[in-house]
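The block underneath contains the structure these notes are about, expressed in structure tokens.
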Amino acid sequence: MRRGDLYRVEKPSSRDPKGFRVFVVISRQDFIERTYPTVICAPIYSNCNGLSSEVEVGIDEGLKHDSCIRCDEIGSLQKSVLTNFIGSLSPSKIQELNQALKVAVEID
């Protein structure tokens with residue numbers, strides 16, 4: 001598991017109307033490699049709102065269609081549910097993700 005990896009998760013939350021959702025791992029790599037059972041992830045939605053806290057992703061990242069990572073909705077997921085690997089973000093997309101995360105939590 002690496003920072004920037006995308007995973008399809010079945011029924012991630014009782015509040016989520018979808019039967020599955022794709023998430024991108026955003027925790028720092030040294031944390032991912034430790035024995036902690038969780039990592040921080042951001043959900044990916046098929047609709048984009050044009051916010052600066054979103055990152056556009058799509059076929060190049062292993063998805064079926066254009067979508068957006070929503071950095072305003074980050075959360076912790078058990079590593080054990082991250083088993084259905086979809087793809088990975090390119091280094092340039094990780095840079096976009098870093099910028100969107102800064103916007104989402106108001107870090108200069």
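The values are calculated or read from the model by the stated rules, or taken from the named source; none is laboratory data. All of these numbers come straight from a predicted model, not from anything done at the bench. All Cβ positions, even for glycine, are placed from backbone atoms using ideal geometry, and neighbour counts span all protein chains on display.
Results, tabulated for the structure shown:
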read-out: Of all residues in region 9-38 being over 14 Å from Ser80 (Cβ atoms) and touching a residue at least 40 places away in the same chain (Cβ under 8 Å), the one that is nearest to the chain's Cα centre (by Cα); value: Val24
read-out: Region 9-25, subset more than 14 Å from Cys68 (Cβ to Cβ) and crowded, with 18+ Cβ neighbours inside 10 Å, residue modelled with the highest pLDDT; value: Val25
read-out: Pairs, first farther than 17 Å from Glu61 by Cβ and without any contact (Cβ under 8 Å) to a residue 60 or more places away in the chain in region 93-105, second of a type in the set (A, V, I, L, M, F, W, C) and part of a helix (DSSP H, G or I), C-beta under 8 Å, six or more apart; value: Val103/Cys71; Ala104/Cys71
read-out: Every residue from region 43-56 that is farther than 18 Å from Arg15 by Cα, surrounded by 15 or more Cβ atoms within 10 Å (Cβ to Cβ) and touching a helix residue (DSSP H, G or I) at 6+ places or on another chain (Cβ under 7 Å); value: Ser53, Glu54, Val55
read-out: Matching residues in region 66-98 - criterion: being over 19 Å from Gly19 (Cβ atoms) and in contact with a Cys (Cβ under 9 Å, 6 or more places away or on another chain); value: Asp66, Cys68, Ile74, Ser76, Leu97
read-out: Residues located in region 45-77, provided they are free of Cβ contacts under 8 Å to residues at least 12 places away in the same chain and closer than 19 Å to Arg3 by Cβ; value: none
